[in-house]
Each structure stands twice: as structure tokens, then as C-alpha cells.
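Worksheet: one structure, shown below.
Nothing in this text is a laboratory measurement; each read-out follows from the coordinates by a stated rule. Predicted model only: the values in this text are computed from it and were never measured. Glycine gets a Cβ as well: all are built from the backbone with ideal geometry, and neighbour counts include every protein chain shown.
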Amino acid sequence: MTYSNQPKIGFWIVAIFFLLWNLIGLGFLTIEILDPELVTDLMNEEQLELYNNRPSWYLFNYGIAIFTALFASVALLFKRKMAVLLSLISLIAIFISTGYHLRTGAWNMMNVSDQFFFILIPLLGLLLWAFARSWRSKGWLS
């Protein structure tokens, strides 16, 4: 099956969506680094204890997930194959964070909206990687 080398409008819509989504993620990371009190103000005592006892690698892993997804989104907009590798690295980092949260029992401490995002973030990471792989196979990325 032959594909057009020119991406369709859906490509640009999805690529811009992922760019905006990852810029929002960068905003949350920035808030967590620069003003952690803003994050912890709404936590109960149990959540605060879990938050304060996170391992030192957690924030670093969070940064890797955000920045590689952001760079993957930019790479998509520039139609670069590098988006596939970057989105895969981001997905692995997301799964590491998700696994940590599941292992510590954080799911039981989350409200419904937190649980929604807990599921949505790995799902969108997986979709970013799947779209990048699909678009590479169609020849839209060089």
C-alpha cells in the first residue's frame, strides 16, 4: 500500500495537540520544582507523607518523561523520525512513574480526577509513540 508523503490535516492537529499537552505537563513540572507548596496545599496527611518520602530519582524521571515527550512533539512538527525514539523514552519513564505509584498504593489515596489523569497520562504517552511509529511507516517522517 502506498501512502502520500504529505501528512494530512489530522497529522498536524494531533501533533499540535501533543505539543500543547506536553507544554501543560512542563508547566506542572515547573510548579512542582519552583513552588511545591502549591502542590501540597490540597493534600491530606497521608498524601503529604507519600509526597515527601518520594525517592530522589522520582522528580528526575518525571522530568525525563516530560522533556522527551515535549521534544518528540516538536520533532513531529518538524517531521523527524527522532520522534519515535523520544516518545518511546518518554513512555518508559511514564511507566516507571506509574509503576512507582501503583507499588506505593497511591491509587487508593487519589480522588476521581487524579485517577482519571493517572490513566490518561500513560494512555496519551502510548498514543504519542503509536502515532509517531505509524507516521514513520507512512514515510511522513524523515
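The residues on offer are W129, W140, and the sole one that is among the aromatic types (F, W, Y), surrounded by 15 or more Cβ atoms within 10 Å (Cβ to Cβ), on the phi < 0 side of the Ramachandran plot and in contact with a Lys or Arg (Cβ under 8 Å, 6 or more places away or on another chain) is W140.
Scanning the stretch 17-39 for residues that are without any contact (Cβ under 8 Å) to a residue 24 or more places away in the chain, closer than 30 Å to N108 by Cα and not in a helix (DSSP H, G or I) turns up at least one hit. Picking from residues in the stretch 54-79 that are among the hydroxyl-bearing types (S, T, Y) and part of a helix (DSSP H, G or I), the one that is surrounded by the fewest Cβ atoms within 10 Å (Cβ to Cβ) is Y58.
Taking (1) in a loop (DSSP other than H, G, I, E, B); (2) touching a Pro at 6+ places or on another chain (Cβ under 9 Å) in turn, L42 satisfies each apart from (2). Only one of the numbered conditions (1) over 27 Å from L86 (Cβ atoms); (2) in contact with an Asp or Glu (Cβ under 9 Å, 6 or more places away or on another chain); (3) among the hydrophobic types (A, V, I, L, M, F, W, C) is violated by V39, and that is (1).
When restricted to residues that are more than 12 Å from the chain's Cα centre (by Cα) and either crowded, with 17+ Cβ neighbours inside 10 Å or within 17 Å of M43 (Cβ to Cβ) (or both), the stretch 101-126 contains 13. Please verify whether A93 is among the aliphatic types (A, V, I, L, M), under 19 Å from the mean Cα position of the chain (by Cα), closer than 20 Å to I13 by Cβ and part of a helix (DSSP H, G or I), treating the condition exactly as stated. Judged against the criteria, A93 is not a match.
Checked against (1) over 14 Å from A65 (Cα atoms); (2) in contact with a Ser or Thr (Cβ under 8 Å, 6 or more places away or on another chain); (3) among the hydrophobic types (A, V, I, L, M, F, W, C), A93 passes all but condition (1). Of everything in the stretch 1-53, what is aliphatic (A, V, I, L, M), exposed (fewer than 12 other Cβ atoms within 10 Å of the Cβ) and under 20 Å from L124 (Cα atoms)? Give them in sequence order. Residues satisfying the conditions are I9, I13, L20, I24.
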